Every structure is written in C-alpha cells, then in structure tokens.
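Visitor: Quick one: this structure, given as structure tokens, is what I'll be asking you about.
What follows draws every value from the coordinates through simple rules; no lab data is involved. Owing to the predicted nature of the structure, the values given are computational and were not obtained by experimental measurement. Here the Cβ positions follow ideal geometry from the backbone for every residue, glycine too, while neighbour counts run over all protein chains shown.
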Amino acid sequence: MMENFSAKEAELDERVLKIAAATDEFEGYRTAHASRLAALADQMAQTFNLASHDRYWLRQAALLHDVGEAVMNREYIRNNRPLREDERVDMQRHTIIGEQEAARRGLNRAVQLLVRWHHEWWNGAGYPDALEREQIPFAARILRVCDTFSALTDERPYRAATSEAEAKRYLTEWAGIEFDPVIVKAFLTLERAEKLKTDSEASVGTIEKSETFSRPMLIFADS
C-alpha cells in the first residue's frame, strides 16, 4: 500500500519535525537526537528490506517516540539522578501519552502503536504492555535498539556521551533480554552510525514524500 501524499500530509511531516526538535530541547539533547534516531532506524529498516510505507511510519515514530515526555513535562526527566519508584511508574506513562498525542495530531495508527511499544523488551519485562519476543512488532524492536544506542551516544547537559564501542557492548550484553538478538547482530554491522550523528538532520530533514512508512511481522494497513 502506498499513500497518495498531499499538501496536507506534507504539512503534517513538517509539524512532526518541529515536535521532534521541541522534544529534543525539552530532554536536553545537544544534538538532533530524534532525527538521528530516525536515520538509524531507517537504515536498519533498509537492512531488513522493509517496504517503503513501513519505513515511513517507522521514521515518523522515531521522530515522535518521546513526545509523551514533553507533554508530561516532569522536572525529574531533566535531572541526572536515579528515579524514585513513584517517578519510575509515572515515567512509564510517557509511551501511552505519546500514543495519544500522536493520535491527537492525526498520525497513522501504525505510528501511534510504535510510539506506544518502543520500550517493550524482548523478554517481556518492558512497558506498557509487557509484550515479548514476536508479540512486539518488528519495527518496534528496531526502534528499541536504535533508541538505546542513540540515547547512550548523544550528549546531554548532565552527562557526556558514551562511546560507540561502549554502547555496542551494552547492546551485545542485553541482546536476548532487552533487545531482539537478530536486530542487535544486524545493527552491529552498520558502518555509518557515527556519520549519522553529524548528518542526521540532512538524512531526514524532509521526510520523503515518495514513500509511506511489508514485512509480515508488521501489519499496520490503514482501515
């Protein structure tokens, strides 16, 4: 299925990029974290030969993945300290709020669900729905790996960026627990992760209007 892009949809894409930039600013990233994440996720989607519409939806979800945090606007999100238990429980609401925000702004249901499920873990210990293994849509598993890598290697005001080698070591150690091991293995073969840190805005500055975001694991056609 390919969508017929209109001026209205182009305007929506522009709004998504603005929301992503505002969310990055709220979270304190010094670089374009969401845009870099979208570029990394798209590279992984190409590696697995996802259809163009699945790629498009994945990129939009990557740009909006943490919009729920900005909507919640909690001070503890900005603080460099371990969360209290009540804060941790509250924080987990950001995926559901993000899903609702994506719906409110007219994003496709696929995007809404990817935002909801980008913190699900391979072993079922994630949130908000404790999905596990293949219950988690393939694109959401890609997003989990790429988001973790990008978050670790992007600098924030209260901490320095982790090296790519350390971030890859983390992915390897948690493969089969937090992350789909097949996706981690594929991610480790990427050669452009560092380059994407500097040119991510150019890579997804304009979401291609010739594509929409099929792999049998990701069935999210419009109803």
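Visitor: Sorted from fewest to most neighbouring beta carbons within 10 Å, what does the list Glu87, Glu69 look like?
Guide: Details: Glu87 16, Glu69 20.
Lowest count first: Glu87, Glu69.
Visitor: Quick one: which residues, 5+ away or cross-chain, put their amide H under 5 Å from the amide H of Phe179? H built at 1.01 Å from N.
Guide: Close amide H contacts, sequence-distant or interchain: Trp122.
Visitor: What's the magnitude of the charge dipole for segment 7-204 around its Cα centre, counting Lys and Arg as +1 and Asp and Glu as -1 at the beta-carbon? Answer in Debye, nearest 20. Numbers along the way, then the final one.
Guide: Details: 28 positive and 34 negative charges, 17 e Å.
It comes to approximately 80 debye.
Visitor: Once you have the Cα-Cα distance between Arg84 and Ala103, take 0.36 nm times their residue separation minus that, and quote the gain in nm to one decimal.
Guide: 3.9 nm
Visitor: Quick one: order Trp57, Trp117 by neighbouring beta-carbon count within 10 Å, fewest to most.
Guide: Trp117, Trp57
Visitor: Can you tell me the mean projection area, over all orientations, of the convex hull of segment 34-101's alpha carbons? Units nm², please. List each step's numbers first, then the result.
Guide: Details: hull surface 21.9 nm².
Hull-based average projected area comes out at 5.5 nm².
Visitor: In which sequence would Arg55, Arg36, Arg169, Arg109 go, from the one with the fewest C-beta neighbours within 10 Å to the one with the most?
Guide: Least crowded to most crowded, the residues run Arg169, Arg109, Arg55, Arg36.
Visitor: Okay, moving on. Once R0 is set to 22 Å, what does the formula 1/(1 + (r/R0)^6) return for the Cβ-Cβ distance between Glu75 and Glu155, expressed as a FRET efficiency to the nearest 0.05?
Guide: Taking R0 as 22 Å, the efficiency between Glu75 and Glu155 is 0.60.
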